[in-house]
Structures are given as structure tokens and as C-alpha cells.
1. List, largest first, the extents of the alpha carbons of the stretch 19-130 along their principal axes, each in whole Å.
2. With a probe of 1.4 Å, find how much accessible area the stretch 11-130 has per residue, and write the answer as a whole number in Å².
3. Residue separation times 0.36 nm, minus the C-alpha to C-alpha distance between Ser119 and Asp89: what's the value?
4. Measuring from centroid to centroid over Cα atoms, what is the spacing of the stretch 76-108 and the stretch 11-30 in Å?
5. Taking 22 Å as R0, compute the FRET efficiency from the Cβ-Cβ separation of Thr130 and Asp48 and round it to 0.05.
6. Determine the calculated [θ] at 222 nm for the chain from helices alone, applying -39500 (n - 2.57) to every DSSP H run no shorter than 4 residues and normalising by the residue count; nearest 500 deg cm²/dmol.
7. In percent, what relative contact order does the chain have, based on Cα pairs under 8 Å that are 6 or more apart in sequence?
8. Please work out how much accessible surface Ile80 shows to a 1.4 Å probe, ignoring ligands, DNA and RNA, in Å² rounded to 10.
Amino acid sequence: MKCVFCHKEKIITDIIYEDESVMAFMDMEPINEGHILLVPKEHYLDVDEIPDETLSRLMIVSKKIVAVLKEIYKPDGYTIIQNGGRFNDVGHYHLHIFPRFVSDGFGWIYGDNSMNLNSEIARRIRDRLT
């Protein structure tokens, strides 16, 4: 099956923004009204695969979308979230951007295992970032 996000003609919701490298459209199963998906036009699964120029464009457009959502909905906040690897249910990198309200019921759910802060883990990550 071909990726639906790679074929603009298969997107059945309203496209709200498009330029040479990214496209934004309304989510078909919104968490809140104004829920938008922002995608690169080229096919990528994960953020670390995306060229820096395209990734920068995604962030710039997400900033513009957030400003518009704030203007229209006057939300208590907003969420920008992206799932990678097997947790990307579409198979094409996409950002969810949506207005948030204190009473909207959306939340972050933690597993049953508690995690401790660990300086060794921080050092291992830090060493690989430099």
C-alpha cells in the first residue's frame, strides 16, 4: 500500500497550508477542534531521517500554526507531538498540533514502572551528542 501522506490527492480532509516542502491538513480524528497534521512532502518515517532544511521548515510552519490556533481558539495551551518508529501509525513523519484546554481530558499516561534520574544515563547521552 502506498503512503497516503505521499499522495496529496488521497488526503480527504481540508488542506490548510502547503509550500514546496511541507503540507498541513486537518486531522480526520481530532483530539480537539483545530487539530492539524503537519507533514514533509517527501517520505520519511523518523525525525532523524529528515534533512535539516525540511525539519527547520516544519518547525517554522508549526510556529505559524500555533499562532493561528491561539488567535482563533484562545486555548489554555497547545500540544505539538510526534510518534516515531513503530509508534508512527501512518508510517510517514507527521506532527500533531492542536489547541489544549484545561478540561479537554487529554493527558500524558505513564507506565507502571517508576524511573529514577540517573547521572550515568545522562552522561552516555551527552557524550553521544557532542
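The values are calculated or read from the model by the stated rules, or taken from the named source; none is laboratory data. Keep in mind that this is a model prediction, so the values were computed, not measured. Please note: Cβ atoms are built from the backbone with ideal geometry, for glycine as well, and neighbour counts cover all protein chains shown. Just so you know, the surface numbers come from the protein's heavy atoms only, side chains and all, with ligands and any DNA or RNA stripped out. Shrake-Rupley method; radii C 1.70, N 1.55, O 1.52, S 1.80 Å.
1. Each principal axis gives a Cα extent; for the stretch 19-130 these are 45, 37, 24 Å.
2. The answer is 71 Å² per residue.
3. Roughly 7.5 nm would be gained on extension.
4. Centre-to-centre distance over Cα atoms comes out at 15 Å.
5. Once rounded, the FRET efficiency stands at 0.85.
6. About -8500 deg cm²/dmol.
7. Worked out over the chain, it gives 24 percent.
8. Accessible area, nearest 10 Å²: 70 Å².
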